[in-house]
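Novice: Pasting a structure below so you can have a look.
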Amino acid sequence: MIDKKLLEDTIEAQSKRLERMKSRKENYKIEVRGKEFIVLPRVFYPGTDSILMIETVKFDPEDTVLDSCAGTGMFSVFAANEAKKVVAVDVNKAAVENVKENAKLHKLDDKITAMAGDLFPDFEIKFDKISINPPYTDNSAADVVEKSVWDEGNKTTRKFFKKVKGYLNEDGKIFLSWANFADYNFIESLIKDSGFSFKIIGKAGEGERNYRIYEIDREGSQK
């Protein structure tokens, strides 16, 4: 069950964050785990959940990876340092350019392919690992910037689970971040109803807000 007061407070805090994102006129840089990243104006910058994802999820050298809702491409860069190939997809065209900038900065543009799209690439391909840090606050978004944070009725995540099997290798895994203000019961039910099983592999807190990373397999897959 959602804590309504926590959700209201979260939306207020996110509104201020979105205002700062929209007011940016110049690129700026951040540092995450000893690596420098460029952030373009109007692109979602990494938060607690993003950092938890890179600290938790690991890859094998032969993995092909889809980074859905890629944002700045920070996760794509960390993934490409371990995996064979990363495809980064984001609905925000500014984010796509941001991924390309960070891939070039880290000399990984031969391993990272960035493209605009709605969750998935526009060509048929299956991946060993699929990661998604989706917008999971149930609130109406007015533009593509707000869509990086808000997703009314969790339509984006519902669509992801409706289509993801078509992009996942038979023994592939999905890694997804979620928060308590977005309702853990909802996401866990959606995962199971979509024919998957899960385990929680990462947790982090930020005041009253807390986050989880889910490792998701096809129902019945060998762990």
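The values are calculated or read from the model by the stated rules, or taken from the named source; none is laboratory data. As the structure is a prediction and not an experimental result, all values here were calculated from the model. Note that we place each Cβ from the backbone using ideal geometry, even for glycine, and neighbour counts take in every protein chain shown.
Novice: Can you tell me how many residues in the range 29-51 are surrounded by fewer than 14 Cβ atoms within 10 Å (Cβ to Cβ), in a loop (DSSP other than H, G, I, E, B) and either without any contact (Cβ under 8 Å) to a residue 40 or more places away in the chain or in contact with a strand residue (DSSP E or B) (Cβ under 7 Å, 6 or more places away or on another chain) (or both)?
Specialist: Residues that pass the stated criteria total 1.
Novice: Same structure, new question: Within the group Glu219, Glu170, Glu188, Glu206, which residue is closer than 16 Å to Thr48 by Cβ and surrounded by fewer than 18 Cβ atoms within 10 Å (Cβ to Cβ)?
Specialist: Exactly one residue qualifies, and that residue is Glu206.
Novice: Then there is this: Residue by residue through the range 91-150, note down the ones that are at pLDDT 95 or above and aromatic (Phe, Trp, Tyr).
Specialist: Phe120, Phe127, Trp150 - these are the residues of the range 91-150 that are at pLDDT 95 or above and aromatic (Phe, Trp, Tyr).
Novice: Among the numbered criteria (1) aliphatic (A, V, I, L, M); (2) closer than 26 Å to Lys203 by Cβ; (3) crowded, with 20+ Cβ neighbours inside 10 Å, which one does Val89 miss?
Specialist: Of everything listed in (1) aliphatic (A, V, I, L, M); (2) closer than 26 Å to Lys203 by Cβ; (3) crowded, with 20+ Cβ neighbours inside 10 Å, Val89 misses just condition (2).
Novice: What number of residues within the range 46-73 are over 15 Å from Lys93 (Cα atoms), hydroxyl-bearing (Ser, Thr, Tyr) and touching a helix residue (DSSP H, G or I) at 6+ places or on another chain (Cβ under 8 Å)?
Specialist: Final tally of qualifying residues: 1.
Novice: Restricting attention to the range 124-136, report how many residues are surrounded by fewer than 20 Cβ atoms within 10 Å (Cβ to Cβ) and more than 16 Å from Asp67 (Cβ to Cβ).
Specialist: Going through the range 124-136 one residue at a time, the tally reaches 1.
Novice: Report yes if Ile191 is without any contact (Cβ under 8 Å) to a residue 60 or more places away in the chain, in contact with a Lys or Arg (Cβ under 6 Å, 6 or more places away or on another chain) and of a type outside the set (Ser, Thr, Tyr), otherwise no.
Specialist: no
Novice: Return yes or no: is Glu26 surrounded by fewer than 16 Cβ atoms within 10 Å (Cβ to Cβ) and assigned to a strand (DSSP E or B)?
Specialist: When the stated conditions are applied, Glu26 does not pass them.
Novice: Select from the range 52-67 the residues that are within 16 Å of Ile213 (Cβ to Cβ) and of a type in the set (Asp, Glu) and write down the one among them that is surrounded by the fewest Cβ atoms within 10 Å (Cβ to Cβ).
Specialist: Checking each candidate, the answer is Glu55.
Novice: What are the pairs, 6+ residues apart or on separate chains, where a residue within the range 1-28 that is within 15 Å of Asn139 (Cβ to Cβ) and touching a residue at least 24 places away in the same chain (Cβ under 8 Å) has its Cβ under 6 Å from a residue that is among the hydrophobic types (A, V, I, L, M, F, W, C) and outside any helix (DSSP H, G or I)?
Specialist: Close Cβ pairs (under 6 Å, with a partner that is among the hydrophobic types (A, V, I, L, M, F, W, C) and outside any helix (DSSP H, G or I)) amount to Gln14/Val149.
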